[in-house]
Protein chains: 2
Amino acid sequence: MTEKTTNQAIGIFDSGIGGLTVLKEIMNLLCGENIVYLGDTARVPYGTKSRRTVRKYAESNSNFLLSKNIKLLVVACNTASAYAIEMLKENLTIPVVGVVEPGARRALELTVKGKIGIIGTQATIKSSSYEKKLRQICSFPIDIYSKPCPLFVPLAEEGWENDETTFLVAEKYLAELKKSEIDVLILGCTHYPILKNTIARVMGEEIRLVDSAEETAKQTERILRTRGLLREGSKTRDISFYLTDDSETFTSIASRFLGRPMEKTEVVDIV
Amino acid sequence: MTEKTTNQAIGIFDSGIGGLTVLKEIMNLLCGENIVYLGDTARVPYGTKSRRTVRKYAESNSNFLLSKNIKLLVVACNTASAYAIEMLKENLTIPVVGVVEPGARRALELTVKGKIGIIGTQATIKSSSYEKKLRQICSFPIDIYSKPCPLFVPLAEEGWENDETTFLVAEKYLAELKKSEIDVLILGCTHYPILKNTIARVMGEEIRLVDSAEETAKQTERILRTRGLLREGSKTRDISFYLTDDSETFTSIASRFLGRPMEKTEVVDIV
């Protein structure tokens, strides 16, 4: 593989901010990689929208990133992964990584009782994408329990991750899952790692949480390594941020999600 | 004015569901009118988006409604009213009613102390549109206090209007406003009338709440009457619902917001 190819960036898109938890894990694990991040802030959120519309948005986001000559595409959004990953894999010649499959694989590694819970947006839960993926790759019978938690996204964006209100909302959403005797819970939305401590507090320490962001970074690393596309040994790298809508909120929340000050963002008109 | 003209529909658009509280008031007050409602469910919400983007969306929504030959346009969304009402008034030949001015006028009628509070989405509060309108139409000095309450929209959509969680969130958001000694509070988001009881419980009964939906219906009635465009005396009328994205959530939430079973909706591709 030529140096030119390894120097090509990893492209990541999300409906907005949530994908930054995935970006953060990829930045930590693959510290030599150039990255182009696109947040579709003009059309955020995807979690309440239909398959048809989410696919259309995923397609225009991918086209933008392909124009940046990326070597691999990460769909850092559970809803877009749920609705559009197969379409993107079929249509693109570069590798495509979604967040659903890595999370599902990790959950199957961790479960002892074969009882797995999934929380996510309305669209992700309705798509049954985790359930389908779990059943597809699993050789033993499993019980799956899922619950949409729409308020978790705005709570994470408000910065109320350690607030008592968030604990109460989490108790309300997770009550049924607690009764179901699951031993693994998939955080099926890229915002949810922000609320991990609260979710863990409600679920109790015996329940293992699967953070799709971490698993997606590991999967990205595996694919790049297998294909000889890893960029290693370089001391500098470029991280570029593009948004489809100017958003002060993005910048302030992004610093918190990324755990570091936010670099400059550029607004692109693709909508 | 010909019967043909009075028979033309009132066009109403909102970013999605919130505008149904305005539709409900218009349906109640103007019970002979034909109405076309457009919910921009493919791009909802507007409250976190920029002026440029909200204007673009408002323009395409208006163009769709104009193609339905409407006689008056209601912008039943505070964010779109805040960012796009002047542009729409300049560009259209039919009357345009937003939700900001009627709410502001009512607040000035009600206040005794000249201390007015405003709650709304981040975009509405950031636009200062209520503040500007209040100062523009008010002949005496007033103090204005505002607060964005981003969680109120998802709480209303979750149907948690009578839940203790909503009360706690409201207490948190409204604490500063309570200290400011306002005597009137403008519900500057079309979702907020759903949470009226909780907001009233937190603020106390001495604070008058201004429901922009009610005031917008009254303003619409005044304009139609002045221009001889009222449709009266008819026993039947058509209410049509268009969405930019197929949304089961819309249908289920809409029945609750409207307080009656939801009619058929049609998806249009304008995005």
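Of all residues in segment B:42-61, which are at the interface with chain A (Cβ under 8 Å from one of its Cβ atoms) and aliphatic (A, V, I, L, M)?
Within segment B:42-61, B:Ala42, B:Val44 qualify.
Being out of contact with any helix residue (DSSP H, G or I) (no Cβ under 9 Å at 6 or more places or on another chain) and not acidic (Asp, Glu) is the filter here; which residues of segment B:251-271 pass it?
Once the filter is applied, which keeps residues that are out of contact with any helix residue (DSSP H, G or I) (no Cβ under 9 Å at 6 or more places or on another chain) and not acidic (Asp, Glu), segment B:251-271 yields B:Thr251, B:Ser252, B:Ser255, B:Lys264.
If I filter segment B:228-259 down to residues being of a type in the set (Lys, Arg) and more than 26 Å from B:Arg43 (Cβ to Cβ), which single residue comes out as modelled with the highest pLDDT?
Taking the candidates together, the pick is B:Arg231.
Answer yes if at least one residue in segment B:190-205 is more than 14 Å from every other protein chain (Cβ to nearest Cβ), in contact with a Cys (Cβ under 7 Å, 6 or more places away or on another chain) and in contact (Cβ under 8 Å) with a residue 60 or more places away in the chain, and no otherwise.
yes
Which members of segment A:226-252 meet the condition of being of a type in the set (Ser, Thr, Tyr), closer than 26 Å to A:Gly18 by Cα and either away from every other protein chain (no Cβ under 14 Å) or not in a loop (DSSP other than H, G, I, E, B) (or both)?
Hits for segment A:226-252 are A:Thr236, A:Ser240, A:Tyr242, A:Thr249, A:Thr251, A:Ser252.
Given the residues B:Thr93, B:Thr53, B:Thr111, which is the only one that is β-branched (Val, Ile, Thr) and outside the structural domain of B:Ile253 (by TED's automatic domain parsing)?
Values: B:Thr93 fails: outside the structural domain of B:Ile253 (by TED's automatic domain parsing); B:Thr53 fails: outside the structural domain of B:Ile253 (by TED's automatic domain parsing).
Step by step, each of B:Thr93, B:Thr53, B:Thr111 is checked, and only B:Thr111 is β-branched (Val, Ile, Thr) and outside the structural domain of B:Ile253 (by TED's automatic domain parsing).
Just checking, which of B:Val112, B:Val54 is under 16 Å from the mean Cα position of the chain (by Cα) and either crowded, with 18+ Cβ neighbours inside 10 Å or within 30 Å of B:Ser180 (Cβ to Cβ) (or both)?
Values: B:Val112 fails: under 16 Å from the mean Cα position of the chain (by Cα).
Answer to the check: B:Val54.
Residue under question is A:Ile85, and the condition is that it be buried (at least 18 other Cβ atoms within 10 Å of the Cβ), over 30 Å from B:Glu158 (Cα atoms), of a type in the set (Val, Ile, Thr) and not assigned by TED's automatic domain parsing to the domain that holds A:Ala200; does it hold? Quick ask: steps written out before the conclusion?
Working: buried (at least 18 other Cβ atoms within 10 Å of the Cβ): yes; over 30 Å from B:Glu158 (Cα atoms): no; of a type in the set (Val, Ile, Thr): yes; not assigned by TED's automatic domain parsing to the domain that holds A:Ala200: yes.
Judged against the criteria, A:Ile85 is not a match.
Listed residues A:Ala175, A:Ala170; which is outside the structural domain of A:Cys77 (by TED's automatic domain parsing) and either within 19 Å of the chain's Cα centre (by Cα) or surrounded by 14 or more Cβ atoms within 10 Å (Cβ to Cβ) (or both)?
A:Ala170
Return the pairs, sorted by first residue and then second, in which the second residue is small (Gly, Ala, Ser) and not in a helix (DSSP H, G or I), the first residue lies in segment B:52-66 and is in contact (Cβ under 8 Å) with a residue 40 or more places away in the chain, the beta carbons are less than 6 Å apart, and the residues are 6+ apart or on different chains.
Close Cβ pairs (under 6 Å, with a partner that is small (Gly, Ala, Ser) and not in a helix (DSSP H, G or I)) amount to B:Leu65/B:Gly11.
Can you name the strands (runs of 3 or more DSSP E) wholly within segment B:67-168 that have at least 1 residues being within 14 Å of chain A (Cβ to nearest Cβ) and in contact (Cβ under 8 Å) with a residue 24 or more places away in the chain?
B:143-148
Within segment A:10-33, restricting attention to residues that are part of a loop (DSSP other than H, G, I, E, B) and under 12 Å from A:Leu224 (Cβ atoms), which residue is farthest from the other protein chains (Cβ to nearest Cβ)? Walk me through how you get there before you give the answer.
Just the residues of segment A:10-33 that are part of a loop (DSSP other than H, G, I, E, B), to begin with: A:15-19, A:30-33.
From what's left, under 12 Å from A:Leu224 (Cβ atoms): A:30, A:32-33.
Values: A:Leu30: 30, A:Gly32: 34, A:Glu33: 30 Å.
Selected residue: A:Gly32.
Could you list, in sequence order, all residues of segment A:1-18 that are modelled with pLDDT of 95 or more and of a type outside the set (S, T, N, Q)?
A:Ala9, A:Ile10, A:Gly11, A:Ile12, A:Phe13, A:Asp14
For A:Arg227, only one of the following conditions fails: (1) surrounded by fewer than 18 Cβ atoms within 10 Å (Cβ to Cβ); (2) free of Cβ contacts under 8 Å to residues at least 40 places away in the same chain. What is its number?
(2)
So, in segment A:178-193, exactly how many residues are part of a strand (DSSP E or B) and buried (at least 23 other Cβ atoms within 10 Å of the Cβ)?
The number of residues fulfilling the criteria is 3.
When you check B:Lys196 against the structure, is it more than 21 Å from the chain's Cα centre (by Cα), surrounded by fewer than 18 Cβ atoms within 10 Å (Cβ to Cβ) and not aromatic (Phe, Trp, Tyr), yes or no?
no
The values are calculated or read from the model by the stated rules, or taken from the named source; none is laboratory data. Owing to the predicted nature of the structure, the values given are computational and were not obtained by experimental measurement. We place every Cβ from the backbone using ideal geometry, glycine too, and count neighbours over all the protein chains shown.
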